[in-house]
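Engineer: Have a look at the structure that comes next, please.
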Amino acid sequence: MKKIIIWILIALPICASALSKEQSVFKKYFNKPVVAKESNLAPGAKTRITKVCPSYFFVQEQTLLLQLVRVELAGTIGSNLVVRAIRHGGLSYDNKVSSGEGIIKIPDLREKAGLELKLLDNGKEIQSLKYDWAPAKQWKVYITSVSHLDLGYTNTTEKVFEKRNQITEMALDFMKKTDNWQEDAKYRWTMEGAWELKYFLEKHPERLPELQKRAQEGRLEVCAKLVHEHTETEGYEELFRDVYYSKLEAEPLLGASVLSIMHNDVDGITWGEVSALSSSGIKYFSFNPNSFYRGGNILHATKFPQAFYWQGPGPGELLTWRSKDAYTELPSGLLSSYLFEGYSKLFPALIELLSRYEQDGYVYDAIHLTRSGADKTGANDNALPRFELCETIKEWNEHFAYPRLISATPKMFFSYLENNFAEQIPKARGDMPDWWADGVITEAKWTAMSRDLHHLLYQTEALASIVSILEPSHQYPHKEINDAYYNNILFDEHTWGYMLNTAPQHKQIFNIKSSWLKNAHSQTFELQKSSFVELAKKIGGPEPGIIVFNPLSWKASYWNFDPEIMITGNIDISNDEYIAIDPETNREVIGVFISETNSGFSHLYFPANNIPALGYKKFKLVSSSQNAKSKTFLKAGNGALENHRFKLTFDNQKGLTSIYDKKLGRELIDTKAKYNFGDFIYRKQDFADITDVRKTGKPVISGMEGKKTFYMLSGKMALAMLSSNIPGKGSIVESYILYDEQDYIDMIFYYDDYKNKPGESRYFVFPFNVPEFEIWVETPYGKMKPYYEQLPGFAKFWAVSHNVELRSKSQGFTIIWSTKEAPMIEMGEITKKAGYYNQMIWPLWYRAGIYPWNPDKPTIYSEIMNNFQNTNFSPSQEGSMTFHYRITAIDNKDMDKAHRAGWELSVPAIAVLSQGGSGELPPVGSFAQVSPDNVMITAFKKAEDGDGYILRIYEVSGKPAQARLEFPLFKLTDAWLTDGVEREKEKLAIKDNGISLELAGFEVKNVKAKLIPK
C-alpha cells in the first residue's frame, strides 16, 4: 500500500491554537504514560521522548481520524524536531514539535494494533518507540434538553400552565432557528411528560402539523407518562392509564413512536411500573432523581451502575439510565450549567466528568446528560429553554470529532446504547422506594380520598361494563371515567404546593390540586350509584330485597357496607319488620338496619356471606312479626371480645393486650414490646433534628356518651371502643370489631380535631409476635421484601398498597396487616428524620452504609400524618379522620389468598335496596371469575375503541399459574391478548365459554373479550 505521509506545523503547547489555553487541563487528566515494548535511542542523541500519554480526544482531518496524545521530551529541543506516528496499513502522520511538552496526533485504528513513534531531528531518526496501542473510547455525550415539569411549585397553577405553553413555543422556535445547523447541534426538545403535549394542543391545535414534523424528524420526543407522580401511592390501574394518552392518542397523532419515560426530581419509583410500562410498549427509562433533598444525597452517593436493565417483579424490564446530577447535569453553580457557557468553560468540566468515567472502568462509550433550562431569574423547574445549549454543542464539535456532543432525546441515547452494548448492560431486580413518598401524608385526608378513588374507579368501571353488556343501549361513561383517572393522576403528581410552603401561593396551588380530586371522586361516586341501580333492575324476583355486589374476582363475605345503602324503592326497614333470606341457603340472615331518613340513605350491617366473584346476591326481604334469633360464637364483656377464631383481651390502662388465635394456637401480639398495641405516638423534631420528642397516648377503656364499652349488634358483631388520652389537641376513639364466622379483626380509629404542626408526625403502633419473621410489602403490581428486594440507596420507609405480610418461616404462619387510608409505614423502630428546618441536614443523618437496616422486631409503625418538609408540601394540617385497619393470620400453605384481606377492606361490597323487578338475571350470579387463588382481576372496563372489554389478569404470589378466566352470565364470542394499552397482539382460543392463560410470577396480562348476554 502506498505510504501516506501528512505533514503539519504544530504550535505548542497544544496541537491546535484553539486548545492552547487548555494545555494545563490536558496535562492534569492525561498523565499516565504508556510503556513501550521496544525502545531504541541513537548514540549521541541529545533529545528523547520520555512520556507518551494517550487521551480520548480525536480530531478529523479530511478522511483521517486522529487521536490526540500528550508527549513529553527531554534534552535539547531543536527547531526541526518531528514525531512521526506510524500505524498499520501504511498510515503515517508527522507532528512538528518545538518544546518539551506537546500534543501530537496519531492515526486512529479501531482495534488493538501496533504504533511506532519515530523522533526525527532534521530528518534523521534519533529515537524509535514501539507500542501495543489500544484504541481509546470515542466518547459520545448525548444531551437531552428539558424543562422540569412541576404543576405548581414555581408559581400559581394558572401561571405555571401559561408558562408551560411558552416553554413549548420557545423550543419549537429554537428548532426552526437551527434547521440548517450540523445534525448533532440541531436543537432537540424532550417533553418530560405527555401532559405538556396534551395541554399545548388544547390551547394551540393549529400547531399540530409543526409538532408532527418535529416528532417525525426526531427533533421532538414526548415521554410516555403524563407527569411525575409519587407512584408508590398510586392505584394499580393508574399505572396503565398514565400512558394511555401518549400511546393511544399522541403516538398516532404525531406519527412517531413513544418509547421512553422520564421520572425527574422524585427520589424513587414503584417496582410495578416495570410491569405496566413494559407491557404497554415502553422500553426506556430516563431516571433523574433529585440529588440532595431528603434522601437525594444518599442516591447521589450510592455506587450503582448508571445503565442497567431494571427487571420488574414480573417478566418485564426497562433499559434504565440514572443520572448523576438530577436533571441539572454539569452544573455551574446553583442556577446554571457549563453546557450553557460555551466551549472554553465546558472544556475542563467535561474532561473532569469523562475522566471519572474512565477511572471507574465505565465500559460504554456514551453517556447521557439531562439538562433542564435555567431561568435567568433563578429556577431550574418550569424553566425556559436555553438556546446556549446548542450553541455550545456546535462550538465544541467544531474543535473535536470526539468526544462528540450530540443534541439528543432519550430515545436516541437508549437506541445507541442498546444497539451497541445490550449484552454488556447489567440487570438489576428490586424496588426503588421513594424518599419523598411520605410527603403525601402532609395532607392525610386528601391522600385517603385519593386512595379511595383508586378503588371506586375500579368498582365503577366494572359495574358500568356489566350494565353495558346487559343493556347495549346503555351509554358507557367513557369520557367521565377517563376524566376521573386523569384528575386522579394529576392529584398524585409530585407537586403539592409552592416552593415556599408558608406563602399564600401554596394554598392556592393545593386548593386547585385538591379540587381535581374532589370533583373526580364525587362524579365517580354518582356514576357508581347510577350503574348499580341499572344493574338492580336486571335482577329478577318480585319480592323486595337487598342486592349485594362483590366487585372482587373471588367469592367474598362482607359485614358492613360503606358508605351508604342506595334505596331504589320506599322500603322502611328501620323497625325490623323485615328479615333477609340468603337465596343459596334459604337461611335467615340477621343484621342491623340503621335508617337515616333525613338524608335519604340507610346504613346496613349484616353478614352477606359468599357473594360470587364479580357478582351479586339478592337477599329476599320478608315480613317478620318477631325478632329472629341466630346462633353465635360471639362473646363480649368482662374485658374481652371473642368469636370462633380470636380472643381479644383488654386492660384498663394498656388497651388491647392480647390477640389469641385459636386456629393457630398462638399469641399474635408482642406483649414485651416497647409500645402497647394500638398506641398513639406524637413526635416532634426540632431544629436540624437534634431533638426528637416522642409522647404516647394510652388507650383507656371507659364509657362513652352513656354507651357501654363492650357490646354486640344482633349477635353477629361484637365491638370494643377505647378512648385515648393523647398529647396535644384532639381525641381518638379506637374500635375493635369481631364478626361471627369471619376470620379477621377490624380496627376503626377515629381521630377527631387534630392539628399537626411543622416538624410533627403521628403514628399508630402494632407490635406483633412473629418468630424468625420476614416482611413483605404489597406495592402496585408487586410485592417486595424490604431491605432485600430494593436497590441500594433508596428509602427505608414504605408506602403500602393494601397489605403487609409478616411471615414466620420457622413456625409456618403469617400475620397480615391491612391499611385503607394510611399508606406509610416504618418497621421495627421509627428512624426517619424530619429535616424540616434545614433540608441540607439529611446528609448528616442519612449516609450510605450508616442508615439503619433490617429491624429486629416485627413492629409496624403506621405513620398517619406528618408535616416535615419546608418546601412543596403543606407545613401543617388539621381536621378529623377515620383510619381503617384489619388483621388476620393464615397458615403459610394458604399464601395464595394472602392478598384478599386488604383488598376486601379497601374495595368493599356495595348494596342496594330494591322493591323487586322483572329482570331476567337469577338471584345469585357471577359475571366474571378467575382461578386459581393466586390470580385476580385488577380491571374490568370497556375497551377504548368500544369493541369489547378489557380485563387485566394478575398473578399475586410470585409463582407461575395456569389461569382460567370464565364468564358465567355472559357468552364469550371472541378474545385477544393485548398489550397494556389495549392493542391486540394474539387471538385467544375459547373453550367452555372461557380462556386459559399462562402467567409468570407477578405477571399481568391483558385480555380483550367480546361479551354478550346469555
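Engineer: Check off (1) surrounded by fewer than 24 Cβ atoms within 10 Å (Cβ to Cβ); (2) of a type in the set (D, E, K, R); (3) touching a His at 6+ places or on another chain (Cβ under 9 Å); (4) within 17 Å of Pro433 (Cα to Cα) for Asp265 and give me the number that stays unchecked.
Structural biologist: (1)
Engineer: Also: Evaluate the following for Val83: is it without any contact (Cβ under 8 Å) to a residue 60 or more places away in the chain and under 30 Å from Trp396 (Cα atoms)?
Structural biologist: Values: without any contact (Cβ under 8 Å) to a residue 60 or more places away in the chain: yes; under 30 Å from Trp396 (Cα atoms): yes.
Judged against the criteria, Val83 is a match.
Engineer: Output the residue which, of all residues in region 337-366 that are closer than 21 Å to Asn397 by Cα and not in a helix (DSSP H, G or I), is modelled with the lowest pLDDT.
Structural biologist: Going through the qualifying residues, I end up with Ser337.
Engineer: Out of the residues in region 697-713 that are assigned to a loop (DSSP other than H, G, I, E, B) and either surrounded by fewer than 17 Cβ atoms within 10 Å (Cβ to Cβ) or touching a Phe, Trp or Tyr at 6+ places or on another chain (Cβ under 8 Å) (or both), state the one that is modelled with the lowest pLDDT. First the steps, then the outcome.
Structural biologist: Initial filter on region 697-713 (assigned to a loop (DSSP other than H, G, I, E, B)): 701-703, 705-706, 708-709.
Then keep just the ones that are either surrounded by fewer than 17 Cβ atoms within 10 Å (Cβ to Cβ) or touching a Phe, Trp or Tyr at 6+ places or on another chain (Cβ under 8 Å) (or both); that gives 701-703, 705-706, 708.
Details: Ile701: 49, Ser702: 42, Gly703: 37, Glu705: 35, Gly706: 31, Lys708: 40.
Only one residue fits best here, namely Gly706.
Engineer: Would you check if Lys513 is of a type in the set (Lys, Arg), surrounded by fewer than 22 Cβ atoms within 10 Å (Cβ to Cβ) and either out of contact with any Leu (no Cβ under 7 Å at 6 or more places or on another chain) or not assigned by TED's automatic domain parsing to the domain that holds Glu196 (or both)?
Structural biologist: Working: of a type in the set (Lys, Arg): yes; surrounded by fewer than 22 Cβ atoms within 10 Å (Cβ to Cβ): no; either out of contact with any Leu (no Cβ under 7 Å at 6 or more places or on another chain) or not assigned by TED's automatic domain parsing to the domain that holds Glu196 (or both): yes.
Criteria not met by Lys513.
Engineer: Within region 488-526, count every residue that is assigned to a helix (DSSP H, G or I) and under 13 Å from Thr157 (Cα atoms). Walk me through how you get there before you give the answer.
Structural biologist: Taking region 488-526 first, the residues assigned to a helix (DSSP H, G or I) are 488-492, 504-526.
Within this subset, residues satisfying the condition of being under 13 Å from Thr157 (Cα atoms) are 490-491, 504-516.
Residues that pass the stated criteria total 15.
Engineer: Which residue, of Ala45, Ala36, is part of a loop (DSSP other than H, G, I, E, B) and crowded, with 17+ Cβ neighbours inside 10 Å?
Structural biologist: Ala36
Engineer: Please specify each residue of region 643-696 satisfying the condition of being closer than 23 Å to Gln811 by Cβ, assigned to a strand (DSSP E or B) and not hydroxyl-bearing (Ser, Thr, Tyr).
Structural biologist: Within region 643-696, Phe646, Lys647, Leu648, Leu656, Ile659, Asp661, Arg666, Glu667, Ile669 qualify.
Engineer: Within the bounds of region 725-740, is there any residue that is modelled with pLDDT under 85, in contact with a Leu (Cβ under 9 Å, 6 or more places away or on another chain) and more than 20 Å from Thr882 (Cβ to Cβ)? Steps first, please.
Structural biologist: Step one: filter region 725-740 for residues modelled with pLDDT under 85, giving 725-729.
If we keep only those that are in contact with a Leu (Cβ under 9 Å, 6 or more places away or on another chain) as well, we get none.
No, region 725-740 contains no residue that is modelled with pLDDT under 85, in contact with a Leu (Cβ under 9 Å, 6 or more places away or on another chain) and more than 20 Å from Thr882 (Cβ to Cβ).
Engineer: Further, regarding this structure: Can you find, within region 339-373, the residue that is farthest from the chain's Cα centre (by Cα) among those that are surrounded by 22 or more Cβ atoms within 10 Å (Cβ to Cβ) and under 18 Å from Leu384 (Cα atoms)?
Structural biologist: If we take residues in region 339-373 being surrounded by 22 or more Cβ atoms within 10 Å (Cβ to Cβ) and under 18 Å from Leu384 (Cα atoms), then Leu339 is farthest from the chain's Cα centre (by Cα).
Engineer: Taking only region 790-846 into account, find how many residues are at pLDDT 90 or above and at positive phi.
Structural biologist: 2
Engineer: Also: Which residue pairs have Cβ atoms under 7 Å apart, sit 6 or more places apart or on different chains, and have a first residue in region 102-116 that is free of Cβ contacts under 8 Å to residues at least 24 places away in the same chain and in a loop (DSSP other than H, G, I, E, B) and a second that is acidic (Asp, Glu) and surrounded by fewer than 23 Cβ atoms within 10 Å (Cβ to Cβ)?
Structural biologist: Note: pairs meeting the criteria are Lys112/Asp132.
Engineer: Okay, moving on. Examine region 952-970 for a residue that is more than 30 Å from Asp438 (Cβ to Cβ), part of a strand (DSSP E or B), touching a Ser or Thr at 6+ places or on another chain (Cβ under 8 Å) and hydroxyl-bearing (Ser, Thr, Tyr), and state whether such a residue exists.
Structural biologist: Scanning region 952-970 turns up no residue that is more than 30 Å from Asp438 (Cβ to Cβ), part of a strand (DSSP E or B), touching a Ser or Thr at 6+ places or on another chain (Cβ under 8 Å) and hydroxyl-bearing (Ser, Thr, Tyr).
Engineer: Which of the residues that make up region 473-482 are in contact (Cβ under 8 Å) with a residue 40 or more places away in the chain and either charged (D, E, K, R) or more than 18 Å from Leu226 (Cα to Cα) (or both)? Break it down stepwise before answering.
Structural biologist: Step one: of region 473-482, the residues in contact (Cβ under 8 Å) with a residue 40 or more places away in the chain are 474, 476-478, 480-482.
Matches in region 473-482: His474, Tyr476, Pro477, His478, Glu480.
Engineer: Identify, please: which residue in region 778-789 is in a loop (DSSP other than H, G, I, E, B) and either on the phi > 0 side of the Ramachandran plot or among the charged types (D, E, K, R) (or both) and is, among those, modelled with the lowest pLDDT?
Structural biologist: Quick first cut of region 778-789, residues in a loop (DSSP other than H, G, I, E, B) only: 780-781, 785-789.
Next, only the ones that are either on the phi > 0 side of the Ramachandran plot or among the charged types (D, E, K, R) (or both) stay: 781, 785, 787, 789.
Working: Tyr781: 98, Lys785: 94, Tyr787: 87, Glu789: 93.
The selected residue is Tyr787.
Engineer: Hey, can you tell me all the residues within region 367-390 that are assigned to a helix (DSSP H, G or I) and free of Cβ contacts under 8 Å to residues at least 60 places away in the same chain?
Structural biologist: Our first condition is that a residue be assigned to a helix (DSSP H, G or I); within region 367-390, this holds for 388-390.
Within region 367-390, Glu388 is the sole residue that qualifies.
Engineer: Shifting gears a bit: Got at least one residue in region 78-93 being in contact with a helix residue (DSSP H, G or I) (Cβ under 9 Å, 6 or more places away or on another chain) and either in a strand (DSSP E or B) or of a type in the set (A, V, I, L, M, F, W, C) (or both)?
Structural biologist: Going residue by residue through region 78-93, those that are in contact with a helix residue (DSSP H, G or I) (Cβ under 9 Å, 6 or more places away or on another chain) are none.
Among the residues of region 78-93, not one is in contact with a helix residue (DSSP H, G or I) (Cβ under 9 Å, 6 or more places away or on another chain) and either in a strand (DSSP E or B) or of a type in the set (A, V, I, L, M, F, W, C) (or both), which makes the answer no.
Engineer: Turning to a different aspect of this structure: Take the residues of region 720-777 that are of a type in the set (Lys, Arg) and in a strand (DSSP E or B): which is surrounded by the most Cβ atoms within 10 Å (Cβ to Cβ)?
Structural biologist: Arg762
Engineer: Examine region 392-410 for a residue that is under 29 Å from Gln311 (Cβ atoms) and assigned to a helix (DSSP H, G or I), and state whether such a residue exists. Even if it seems obvious, please write down each step before you answer.
Structural biologist: Step one: of region 392-410, the residues under 29 Å from Gln311 (Cβ atoms) are 406, 408-410.
Imposing the further condition that a residue be assigned to a helix (DSSP H, G or I) reduces the set to 410.
Yes, there is a match, as at least one residue in region 392-410 is under 29 Å from Gln311 (Cβ atoms) and assigned to a helix (DSSP H, G or I).
Engineer: Moving on. Quick one: which of Phe1002, Phe940 is under 28 Å from Leu453 (Cβ atoms), within 23 Å of the chain's Cα centre (by Cα), in a strand (DSSP E or B) and not charged (D, E, K, R)? Spell out how you get there, then give the answer.
Structural biologist: Details: Phe1002 fails: in a strand (DSSP E or B).
It is Phe940.
Engineer: Could you figure out which of (1) more than 21 Å from Asp265 (Cα to Cα); (2) not in a strand (DSSP E or B) isn't true of Val141?
Structural biologist: If we test Val141 against (1) more than 21 Å from Asp265 (Cα to Cα); (2) not in a strand (DSSP E or B), just (2) comes out false.
Engineer: OK, next. Can you pull out every residue in region 898-915 that is surrounded by 19 or more Cβ atoms within 10 Å (Cβ to Cβ) and in a loop (DSSP other than H, G, I, E, B)?
Structural biologist: Scanning region 898-915 gives Ala898, His899, Val907, Pro908, Ala909.
Engineer: Given the condition in contact (Cβ under 8 Å) with a residue 40 or more places away in the chain, assigned to a helix (DSSP H, G or I) and in contact with a Gly (Cβ under 7 Å, 6 or more places away or on another chain), answer yes or no: does some residue in region 429-450 qualify? Even if it seems obvious, please write down each step before you answer.
Structural biologist: Going residue by residue through region 429-450, those that are in contact (Cβ under 8 Å) with a residue 40 or more places away in the chain are 429-450.
After this cut, where a residue has to be assigned to a helix (DSSP H, G or I) as well, the list is 437-450.
Remaining after also requiring in contact with a Gly (Cβ under 7 Å, 6 or more places away or on another chain): 437, 445.
So far as region 429-450 goes, yes, one or more of its residues are in contact (Cβ under 8 Å) with a residue 40 or more places away in the chain, assigned to a helix (DSSP H, G or I) and in contact with a Gly (Cβ under 7 Å, 6 or more places away or on another chain).
Engineer: Here are some conditions: (1) over 53 Å from the mean Cα position of the chain (by Cα); (2) part of a strand (DSSP E or B). Ser99 meets all but one. Which one does it not meet?
Structural biologist: So Ser99 meets the others, but not (2).
Engineer: Separate question: Taking Glu169 as the residue in question, decide whether it is in a helix (DSSP H, G or I) and without any contact (Cβ under 8 Å) to a residue 40 or more places away in the chain. Working first, answer last.
Structural biologist: Working: in a helix (DSSP H, G or I): yes; without any contact (Cβ under 8 Å) to a residue 40 or more places away in the chain: yes.
Yes.
Engineer: Picking from Glu273, Glu237, Glu249, which residue would you name as being in contact with a His (Cβ under 9 Å, 6 or more places away or on another chain), surrounded by fewer than 24 Cβ atoms within 10 Å (Cβ to Cβ) and assigned by TED's automatic domain parsing to the domain that holds Pro331? Even if it seems obvious, please write down each step before you answer.
Structural biologist: Values: Glu273 fails: surrounded by fewer than 24 Cβ atoms within 10 Å (Cβ to Cβ); Glu249 fails: in contact with a His (Cβ under 9 Å, 6 or more places away or on another chain).
Of the residues listed, the single one that is in contact with a His (Cβ under 9 Å, 6 or more places away or on another chain), surrounded by fewer than 24 Cβ atoms within 10 Å (Cβ to Cβ) and assigned by TED's automatic domain parsing to the domain that holds Pro331 is Glu237.
The values are calculated or read from the model by the stated rules, or taken from the named source; none is laboratory data. On a predicted model such as this, the values are computed, not experimentally measured, just so you know. Heads up, the Cβs are rebuilt from the backbone with ideal geometry, glycines too, and the neighbour counts pull from every protein chain shown.
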